[in-house]
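One structure is given here, and the rest of the page talks about it.
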Amino acid sequence: MRLRIQPASRLSGAISVPGDKSISHRTLLLAALADGISNLQGWLPAADCEATLRCVRALGVQVERPARDHLVVHGSGLKGLQPASEPLDCGGSGTTMRLLMGILAGFPFPSMLVGNPQLSRRPMERVAQPLRRMGAEVFTTEGHAPVRVRGGSLRGIQYELPVASAQVKSAILLAGLYADRPTTVIEPVPSRDHTERLLGAMGATVQREGNSITIEPAEQLRSLSLTIPGDPSSAAFLVAAALLIPGAQVQIPGVLLNPTRLGWVEAWQAMGAPIQVISEAEVGGEPVGLLTTAAAARLQAIEIAGAIVPRMIDEFPIFAVVATQAEGVTQVRDAAELRVKESDRIAALAMELRRMGAQIEEHPDGFTVYGPTPLRGAVVHSHEDHRLAMALAIAGLIAQGETIVEDAACIADSFPGFVEAMQALGAEIEPVS
């Protein structure tokens, strides 16, 4: 699929975004390990989450699906997973593969985890190493997928993460459910904490002291029923469009407002963006509420580094687009993790935004953007990266002339309905063959 985008003359309205991707993965995996039946409303029917559903079913868990975004999970209990008859196909989802590695480390049968070529380029030793220390047999393919796991009797460890990673942290904590004593993970800076919150809500004993998280071995997890809140990473694209288009006003209700996910809001507010965050409720231990924004009269460049980086790691593609319209020099550092995402997001961002006239330099651990710079329409490429594809589509709304985003089908990895959401707000964006 290709997207054709015309410059936007208006953008306004109230619109919801699909369920949070991170929580959709985690609720399904933990519901599969729970005792009893879990009801998951608002589950994200995106390609990456579908991979998790496919793997859970392959491991013997019964999952009913009354609607595309509603799952009824008949939990197998903490020790009830069954060996899969074939390799577990994780598609392009790093979350699926890494979290399953942690869970399967607790089971004595062998499992093979495979992925598409994109996922097979991403590093897996960062998960394999701590799991080996706990006593699991984990074999990677030169540090990547395919991955073979055979678990069994695990020992609790204390592990200091060399790089902040919610996926690695989650894998270790999930393995810790099966260990003989408490397991502690120490983060260099806090990363998203959905796994800890969900485990606590389901009856596991999880404690945080500073940057140290400890989980106790567990006998069982309680089932859960909840409506998964809207994904703030998806909301970021709608907010960015509103900031950049004169006269725009957008409201997004029912959004996850976990502070470990709102680094991008803080960054844009520091640049002068009129974003309001209104907390309204708590769902599954997570704050939920309303995001509102309007066009920014003026944006100022800022520097991003340190502890805020993990809290906006998925939003840097769209952050870079906004930075092209800020006055001054915007710098991003300490973000080398971007190079091992769905694409090398630093190199891909620099390449594609330059096609549109942006002044952007890449660094080993980030990038520099000089602004404000008028953008021009161009033919750009997604690099099969859903967040880059959407960021380039938003850039097309403020560019002079027509923009074509090639290979845009990957958007369905995280935001099915993106095109329809943008059209509902008034954007001229359409798929073309």
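In region 416-429, is there at least one residue being part of a helix (DSSP H, G or I) and within 17 Å of the chain's Cα centre (by Cα)? Within region 416-429, one or more residues are part of a helix (DSSP H, G or I) and within 17 Å of the chain's Cα centre (by Cα).
When region 84-112 is filtered for residues that are among the hydrophobic types (A, V, I, L, M, F, W, C) and farther than 14 Å from Gly143 by Cβ, the ones remaining, listed by number, are Ala84, Leu88, Cys90, Leu99, Leu100, Ile103, Leu104, Ala105, Phe107, Phe109, Met112. Residues in region 203-248 that are of a type outside the set (A, V, I, L, M, F, W, C), within 21 Å of Phe319 (Cα to Cα) and surrounded by 17 or more Cβ atoms within 10 Å (Cβ to Cβ): 5 in all.
Residues that are over 22 Å from the mean Cα position of the chain (by Cα) and surrounded by fewer than 19 Cβ atoms within 10 Å (Cβ to Cβ) within region 108-134 comprise Pro108, Phe109, Pro110, Met112, Gln129, Arg132, Arg133, listed in sequence order. Entry remark, region 107-141: residues being of a type outside the set (S, T, N, Q), under 18 Å from Gly92 (Cα atoms) and assigned to a loop (DSSP other than H, G, I, E, B) number 5 in total. Residues of region 286-306 that are within 28 Å of Ile228 (Cβ to Cβ) and touching an Asp or Glu at 6+ places or on another chain (Cβ under 9 Å): Glu286, Pro287, Val288, Gly289, Leu290. Counting only strands (runs of 3 or more DSSP E) that fall entirely inside region 1-100 and contain at least 2 residues that are among the small types (Gly, Ala, Ser) and touching a residue at least 12 places away in the same chain (Cβ under 8 Å), the qualifying elements are 12-14. All of Ile313, Ile278 fail the test of being surrounded by fewer than 18 Cβ atoms within 10 Å (Cβ to Cβ) and among the aliphatic types (A, V, I, L, M), apart from Ile278.
When region 320-335 is filtered for residues that are in contact (Cβ under 8 Å) with a residue 40 or more places away in the chain and either crowded, with 20+ Cβ neighbours inside 10 Å or in contact with a Pro (Cβ under 8 Å, 6 or more places away or on another chain) (or both), the ones remaining, listed by number, are Ala320, Val321, Val322, Ala323, Thr324, Gln325, Ala326, Glu327, Thr330. You will find that of Ser24, Ser85, the residue that is farther than 30 Å from Glu402 by Cβ, surrounded by 21 or more Cβ atoms within 10 Å (Cβ to Cβ) and not hydrophobic (A, V, I, L, M, F, W, C) is Ser24 and no other.
Here, each number is a calculation from the coordinates, and none is a lab measurement. Remember, it's a predicted structure, so these values are computed and weren't measured experimentally. Because the Cβ atoms are built from the backbone with ideal geometry, glycine has one as well, and the counts that use them run over all protein chains shown.
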